[in-house]
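Scroll down for the structure; my scribbles are underneath it.
What follows draws every value from the coordinates through simple rules; no lab data is involved. None of the values given here were measured: they were computed from a predicted structure. For neighbour counting, all protein chains shown are included, and Cβ atoms are generated from backbone atoms with ideal geometry for every residue, glycine included.
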Amino acid sequence: MEQERDPAGPDGHRQYEPPLAQGRGAREPIFNLPGVVVALIVACVGVHLTRMWLLSPQQDFEIILRFAFIPLRYSGDYTLDFYAFVSPLSYAFLHGGLGHLAVNTIWLAAFGSPLANRIGTLRFLLFWAVTSLAAVGLHYVLHASEAVPLVGASGAISGMMGAAARFGFRIDRSEGRAAFAGPILSIPAVFSSRMAVTFLVVWFAVNLAMGLGFGAPGDEGSIAWEAHIGGFLAGFLAVRAFDGPKPARP
């Protein structure tokens, strides 16, 4: 994504500025992820590697049965046990394969890092939980009678993408770390930004294409695009509730 390059925007907040060559210490680190993002990535990777290397196929099936989100569990004649309350959150730490895990890890690092630096660890974890729940919520409304398990962190990550649109993709790296800068844009202001509108159109078009079966060959029906949209809308509409104190103007 293109980022603004003016040292200071019209709101007085510092924008992205390429680091000057002022010696070896002037370069910005390539990997400078917040601890909470690293912890979530490690958790997702650790769970997947454990399933691959330490569990038998039967044990892995039981993990999916218990901890993935299965809509029919809530719509059929089933007793709501412990796993029924855990799975709307635990599903986000399960992934369908290494490719699925790799894509989500990359997007989590890219969109989660500036958001976590902006709102802090606790608010970020709450944001992760709320957008994960919103993702399965919309998925459930549209697929209440299905028994196909839903897995993956894509819903929460889509929420982070929705939040990014509300910041107009303004990035502040003045302290050596990427963070969303400036006040959260109003929804009308978002739709007056060419960059934000382009991002929204492309994002929804890609997810609509997935829903119509234009994904990878042989992968039709495996991408829960409804969950993506549910998480995205939650992040887009509710990010202001997770924001901390407004940054002081310099």
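Full-extension gain between R240 and E146, please, as 0.36 nm times their residue separation minus the C-alpha to C-alpha distance. That works out to 30.5 nm of additional length. The chymotrypsin sites (Phe, Trp or Tyr not before Pro) of segment 58-146 that meet both conditions, a loop assignment by DSSP and at most 16 other Cβ atoms within 10 Å of the site Cβ, are Y78.
Determine the gain in length on full extension of the stretch L98-I64; use 0.36 nm per residue of separation and subtract their C-alpha separation, reporting nm with one decimal. Could you put the intermediate results ahead of the total?
Working: separation 34, 0.36 × 34 = 12.24 nm, distance 1.59 nm.
Full extension of this stretch gives 10.7 nm more.
Evaluate the charge dipole of segment 79-235 about its Cα centre and quote only its size in Debye, nearest 20, assuming +1 on the Cβ of each Lys and Arg and -1 on the Cβ of each Asp and Glu.
In debye, rounded to 20, segment 79-235 gives about 700.
In order along segment 145-159, the phi-based Karplus estimate (6.51 cos²θ - 1.76 cosθ + 1.60, θ = phi - 60°) of 3J(HN,Hα) comes to 9, 8, 10, 6, x, 9, 9, x, 8, 4, x, 5, 5, 4, x Hz; Gly and Pro are listed as x. Label-to-label distance for S186 and L89 is 3.5 nm, based on points extended 7 Å past Cα in the beta-carbon direction. Using the alpha carbons alone, the radius of gyration of segment 109-151 stands to its Kirkwood radius in an Rg to Rh ratio of 1.14.
Simple spin-label estimate for M195 and V45 gives 2.9 nm between the two label positions (7 Å along the Cα-to-Cβ direction from each Cα). Multiplying the residue separation of A110 and L126 by 0.36 nm and subtracting their alpha-carbon distance yields 3.9 nm. With all pairs of separate Cα atoms included, segment 36-112 yields a Kirkwood hydrodynamic radius of 13.5 Å.
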